[in-house]
Amino acid sequence: MATAGSALAAWPLLAGSGAEPSAPVPVSHIDTATRACLLTSTDTDTAGTWAAMLQLAGTNTEHLIVQRYRIPTGVRPAAYVNSVVGLGCSTVVTTGHAARQAVASRLAEQPLPHVRFVLVGDRPLRGTTHLSPDAVSARTLSKWVTG
C-alpha cells in the first residue's frame, strides 16, 4: 500500500504541467546575432569600409558580427554570393567591381528579400543600397546593417 501511495504522489511530477515545451535558449549570441559581411574583390579598401564595419561592431550595443570575404579567382561570382548568404549574412556590403558584378548576377537570378545589399562604389545597382566611398563610416553603415 505504501508503494501505491508513493507512485500516486510521484505521478504529478512525472506527468508534467501540460504546457507546451519552450524553445531552448541559445548558448551564445552567435546564433542570434546580426551578421554583416564585407564582400570584396580587391585587396585595397580605399574607402575604409572594413575599418568602419569593425568600428560599428565595437560600438554596437546589440549582438553584431562582422566578417570579411574576398571573391577568389576562378569561381562563379553569383554562387559565391549564395555562399556568403548561406553563412547567415543579413547585410552584404561590397567593394570592388567584381563584387558589384557578383551581386548584380545573383540578384538577376532571383531577389533575396531577407538580405540587404549595400554597394560601396560609384554606380548604384537596382535592388541594393548605394553608398558613395566618401560617405563610408560606422554611422552610415549602421543605418543599413542594423536596420
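The values are calculated or read from the model by the stated rules, or taken from the named source; none is laboratory data. None of the values given here were measured: they were computed from a predicted structure. So basically every Cβ, Gly included, is an ideal-geometry build from the backbone, and we count neighbours across all protein chains shown. Keep in mind that these areas ignore ligands, DNA and RNA; they rest on the heavy atoms of the full protein, side chains included. Shrake-Rupley method; radii C 1.70, N 1.55, O 1.52, S 1.80 Å.
Miscellaneous remarks
- Per-residue extension of 0.36 nm, minus the Cα-Cα distance of I65 and D134, leaves a gain of 22.5 nm for this segment.
- Ligands, DNA and RNA excluded, the heavy atoms of T95 present near 10 Å² of accessible surface to a 1.4 Å solvent probe.
- Summarising the label geometry, the points placed 7 Å from Cα in the beta-carbon direction at Q110 and K143 lie 3.2 nm from one another.
- Spacing of the two label points (7 Å from each Cα toward its C-beta) at V75 and R126, in nm: 2.7
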